[in-house]
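Worksheet for the structure shown next.
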Amino acid sequence: MAHAPIPVQQHHLAAVQAYRNSAYIAREIFPAFQVAFDNFDFPRWNQKNLFTLPATEISRRGEANETEFSGDRVAARIRDDGLRSVVPRKDIDNAPEGLDPLGYAGEALADLLELGRERRVAEIVFGAANYPAANKTTLSGTDQWSDPASDPVGAILAASESMLVKPNTLVVGPQVLFALKNHPDIRERLKYVSGGSVTAAMLAGLFEVERVVVGEAMINAANRGKAMSLSRVWGPHAALLHVDKRFNGRSQVMTFGAIAERGARVLNHYDIDPGHCGVDGGVEVFVGEKTAECVVAPDLGYLFSAAVA
């Protein structure tokens with residue numbers, strides 16, 4: 001089997017690097033930052049440095065009070081991810097006008113890489129181990145927001161007030177969104193502005209956050225070769241997060257989580273000889289990336305596990 005690289009068209013590369021599925025929210029809540037090496041670290045700032053005010057008054061001939069900013073550096077490592085797909089030359093030569101088999105393969109591979117990231121970020125955001133003890137609660141019974149006797153507005157506002165930095169984002173899955181939109185207390189509160197239909201934007205205003213972000217992605221939970229079993233990537237939980245897209249891994253900007261990237265996503269085409277892919281040969285399409293998902297500031301999140309039944 002020959003694997004000599006063949007030229008990659010720029011529009012293929014641009015499409016793969018810019019690929020974003022609207023159902024995925026990982027990059028909406030975890031800003032990306034660049035790193036130079038596979039082994040890297042990022043700042044986890046000391047809370048006392050940011051919230052303890054030193055004496056600032058200076059006497060007529062006195063010196064300014066000296067303060068020092070320090071923080072922990074958290075070690076992390078880039079992971080390599082990639083997928084490949086073989087496109088027979090026959091499919092390329094016989095493709096109808098307007099259909100680009102190589103471009104389609106590249107975008108499909110990019111979509112699967114994004115789906116993998118979506119699942120990893122969902123596991124982080126909805127993972128109780130990633131939050132301080134005071135910043136998480138598990139709901140049950142009549143406290144769950146699917147119960148009409150519950151008080152989701154009170155619970156969310158109380159959690160927000162208890163946090164170190166006010167959250168600007170509420171992350172939920174479709175099950176939680178449905179429960180919130182149809183909760184009798186919320187519908188009563190919004191009845192004069194909703195026109196009968198509660199939106200995510202209305203919920204954001206009610207919960208005093210900038211946005212409610214809903215993870216719509218689905219994933220096949222069955223093992224390969226088994227019947228498809230679709231499930232939600234974002235389960236029946238909810239998380240209040242402070243998200244700051246200015247985070248770059250170096251400054252004092254704080255955000256709950258971020259995605260480290262080493263370079264851009266790559267796209268390569270390799271020629272496959274006849275006999276190894278049909279009579280005419282084919283082209284192997286490879287899409288890869290070097291990334292890592294990081295919890296930057298655990299105190300900037302609050303998790304409601306089992307928010308709905």
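Quick note: the coordinates plus some simple rules give every number you see, no bench work behind them. The model shown is predicted, which means the values in this text are computed figures rather than measured ones. Heads up, the Cβs are rebuilt from the backbone with ideal geometry, glycines too, and the neighbour counts pull from every protein chain shown.
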| note | With the dipole of the chain defined by +1 on each Lys or Arg Cβ and -1 on each Asp or Glu Cβ, the option from 204, 78, 102 whose Cα lies farthest towards the positive pole is 204
| message | I'd like to know which of 235, 248, 308 lies farthest towards the positive end of the charge dipole of the chain, counting +1 on Cβ of Lys and Arg and -1 on Cβ of Asp and Glu. | response | 308
| note | Ranked output for segments 277-286, 23-32 by mean other Cβ atoms within 10 Å, highest leading, reads 23-32, 277-286
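Report the extension gain between residue 72 and residue 94 in nm, rounded to one decimal, defined as 0.36 nm multiplied by the number of residues separating them, less their alpha carbon distance. If you can, show how the numbers build up before the last one.
Details: separation 22, 0.36 × 22 = 7.92 nm, distance 5.78 nm.
Result for the pair: 2.1 nm of gain on full extension.
Could you tell me which of the pairs 136/181; 136/166; 245/290; 166/191 are separated by over 25 angstrom between their Cα atoms in the structure shown?
Working: 136/181 23 Å; 136/166 15 Å; 245/290 20 Å; 166/191 27 Å.
In this structure, 166/191 lie more than 25 Å apart at Cα.
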| How far apart, in nm, are the 7 Å Cα→Cβ label points at residue 27 and residue 189? | 3.3 nm
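For the chain, count the residues as N, evaluate 2.2 N^0.38 Å, and divide the Cα radius of gyration by that value, please.
Working: Rg = 24.2 Å, N = 309, 2.2 N^0.38 = 19.4 Å.
For the chain, the normalised Cα radius of gyration is 1.24.
Can you tell me the equivalent ellipsoid semi-axes for segment 137-234? Use √(5λ) from the Cα gyration tensor, largest first, whole Å.
Details: eigenvalues 150, 54, 42 Å².
Those come to 27, 17, 14 Å.
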| query | What is the dipole size for the chain, taken about its Cα centre, with +1 at each Lys and Arg Cβ and -1 at each Asp and Glu Cβ, in debye to the nearest 20? | reply | 480 debye
| said: Charges at C-beta only: +1 for Lys and Arg, -1 for Asp and Glu. How large is the resulting dipole of segment 210-309 about its Cα centre, in Debye rounded to 20? | reply: 380 debye
| field | Derived scalar couplings ³J(HN,Hα) [segment 164-181; Karplus, 6.51 cos²θ - 1.76 cosθ + 1.60; whole Hz; x for Gly, Pro] | value | 4, 10, 4, x, 10, 9, 10, 9, 9, x, x, 4, 5, 4, 4, 5, 5, 5
| query | On a 0 to 90 degree scale, rounded to 10, what angle separates helix 101-125 from the longest Cα axis of the chain? | reply | 30 degrees
| note | Label model pair residue 79, residue 230: point-to-point distance (7 angstrom along the Cα→beta-carbon line) in nm is 2.5 nm
| Ordered by packing density, taken as the mean number of other Cβ atoms within 10 Å over each peptide's residues, highest first, how do 54-66, 220-232, 128-140 rank? | 128-140, 220-232, 54-66
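Report the calculated FRET efficiency for residue 182 and residue 157 (r = Cβ-Cβ distance, R0 = 22 Å), to the nearest 0.05.
Numbers: r = 20 Å, r/R0 = 0.89.
Once rounded, the FRET efficiency stands at 0.65.
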| task | Could you pull out which residues in segment 236-276 have an amide N less than 17 Å from a spot 7 Å beyond the Cα of residue 34, following the Cα-Cβ vector? | result | 246-251, 259-267
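If you put +1 on each Lys and Arg Cβ and -1 on each Asp and Glu Cβ, how big is the dipole of segment 96-185 around its Cα centre, in Debye rounded to 20?
On the way: 6 positive and 12 negative charges, 81 e Å.
Using only the charged Cβ atoms, the result is roughly 380 debye.
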| field | Potential extension, residue 221-residue 58 segment - 0.36 nm per residue separation minus Cα distance | value | 52.3 nm
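So, by mean Cβ neighbours within 10 angstrom, what's the order for 79-86, 264-271, 104-111 with the highest one leading?
Working: 79-86: 14.8, 264-271: 17.9, 104-111: 20.5.
Put in order of decreasing packing, that is 104-111, 264-271, 79-86.
Grab the Cα-Cα distance for residue 133 and residue 41, subtract it from 0.36 nm times how many residues apart they are, and report the gain in nm with one decimal.
Numbers: separation 92, 0.36 × 92 = 33.12 nm, distance 2.46 nm.
My answer for the length gained is 30.7 nm.
What does the charge add up to near residue 88, with Lys and Arg as +1, Asp and Glu as -1, over the other residues with Cβ less than 13 Å from its Cβ?
Details: positive: 89, 90; negative: 91, 93, 271, 273, 280, 284.
Its environment carries a net charge of -4.
Residue 175: net charge of surrounding residues, Cβ under 14 Å, Lys/Arg +1, Asp/Glu -1, itself excluded?
On the way: positive: 181, 232; negative: 147, 216.
Charge balance near residue 175 sits at 0.
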| note | Rounded to the nearest 0.05, FRET efficiency between residue 199 and residue 309 (Cβ-Cβ, R0 30 Å) equals 0.80
| message | Through the Karplus equation 6.51 cos²θ - 1.76 cosθ + 1.60, θ set to phi - 60°, convert the phi angles of segment 84-98 into ³J(HN,Hα) values in whole Hz; use x for Gly and Pro. | response | 9, 8, 9, 10, x, 4, 4, 5, 5, 5, 9, 5, x, 4, x
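Rounded if a/c is under 1.5, else prolate if a/b is larger than b/c, else oblate: which is segment 60-132, with a ≥ b ≥ c the root eigenvalues of its Cα gyration tensor? It would help to have the intermediate numbers written out before the result.
Details: a/c = 4.54, a/b = 2.79, b/c = 1.63.
Judged from the Cα gyration tensor, segment 60-132 comes out prolate (a/c at least 1.5, a/b above b/c).
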